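Novice: Please find one structure pasted underneath; my questions will follow.
The values are calculated or read from the model by the stated rules, or taken from the named source; none is laboratory data. Keep in mind that this is a model prediction, so the values were computed, not measured. Cβ placement follows ideal geometry from the backbone for every residue including glycine, while neighbour counts extend to all protein chains displayed. Note: areas computed on protein heavy atoms with side chains; ligands, DNA, RNA excluded. Shrake-Rupley method; radii C 1.70, N 1.55, O 1.52, S 1.80 Å.
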Amino acid sequence: MNNLLHIDSSPRTEQSHSRKLTRIFVKRWLDTFPRYKVTYRDLYVTPPPHVTLPWIQSAFTPEEERSDRQDQALEISDLLVDEFLTADALVMGVPMYNFGMPSILKAYVDNIVRVGRTFDFDARADDHYTPLVDDMPVFVIIATGDDGYGHGERLETMNHLAPHLKTVFGFIGIRDITYIYTGNDEFGGEELENSLNRAAKKVEDVIDSRSANQPVTAGGCYG
């Protein structure tokens, strides 16, 4: 059975547009790919710790040389990395804060981008960094206050969230990333409703296209 990792990062609950759309996504995904199970992580229910000096010292100490205290410093990070590495697909609901990601999601990213776990480093090699994560489909649902942050749209140059995720996931080996936007939260009314409806339709289209053109099979491979 394959695994869909579902991550929410909005502090809002029923008011959250990104959470609403990730729920729509998960239902549609399971209807389309019934062999999948879902692992859910709400970053506001189980917030990942920010990187600290003990964390850094532990992460850059070879595993066999770590003390019990160092193992403890990485305990949550190890859990998050293990969970991430068992996923065959990932959907993330992300609100845009000041043109970037919320700090709680940045803390999550910092915990899963780990030397020796999701990338390797060799100062003597021509290419110092080697990704260790197999590519998988990642779907990022982004909720914004205004509208028009997508590729080729009027506010694209102010969108520092999608490029950051593209860079950091690419660094560890993931290239297959799809962004779905909903906007107009600050305007509300019909503009917001229309944006949500377009995003929900995009969710359906993205999954239907994935099913028709790149069937997901065991192990996250595509035929």
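Novice: Treating only the Cβ of Lys, Arg, Asp and Glu as charged (+1, +1, -1, -1), what charge dipole size does the chain show about its Cα centre? Round to the nearest 20 debye. Let's see the in-between values first.
Specialist: Numbers: 22 positive and 34 negative charges, 93 e Å.
Once rounded to the nearest 20, the dipole reads 440 debye.
Novice: Could you look at the chain and say what percent of its accessible area is carbon and sulfur, using a 1.4 Å probe and all protein chains?
Specialist: Accessible surface attributable to carbon and sulfur in the chain totals 51 percent.
Novice: Can you tell which of ALA200, GLY183, SER211 lies farthest toward the positive end of the dipole of region 167-218, using +1 and -1 charges on the Cβ of basic and acidic side chains (Lys, Arg; Asp, Glu)?
Specialist: Toward the positive end, the furthest listed residue is SER211.
Novice: Could you tell me the distance between the Cα centroids of region 55-117 and region 137-159, to the nearest Å?
Specialist: 25
Novice: Dividing the Cα convex hull volume of region 1-108 by residue count, how many Å³ per residue is that?
Specialist: Working: hull volume 12.5 nm³, N = 108.
In region 1-108, the Cα convex hull volume per residue is 116 Å³.
Novice: Could you give the accessible area per residue of the chain, probe 1.4 Å, as a whole number in Å²? If you can, show how the numbers build up before the last one.
Specialist: On the way: 11650 Å² over 223 residues.
Value for the chain: 52 Å² per residue.
Novice: Based on DSSP, what percent of beta bridges with both residues in the chain are antiparallel, to the nearest 5?
Specialist: Working: 5 of 30 bridges.
Around 15 percent of the beta bridges assigned by DSSP in the chain are antiparallel ones.
Novice: Return the FRET efficiency for the residue pair SER209, ASP126: r is the Cβ-Cβ distance, R0 is 35 Å, and the value is rounded to the nearest 0.05.
Specialist: Values: r = 38 Å, r/R0 = 1.08.
So the FRET efficiency works out to roughly 0.40.
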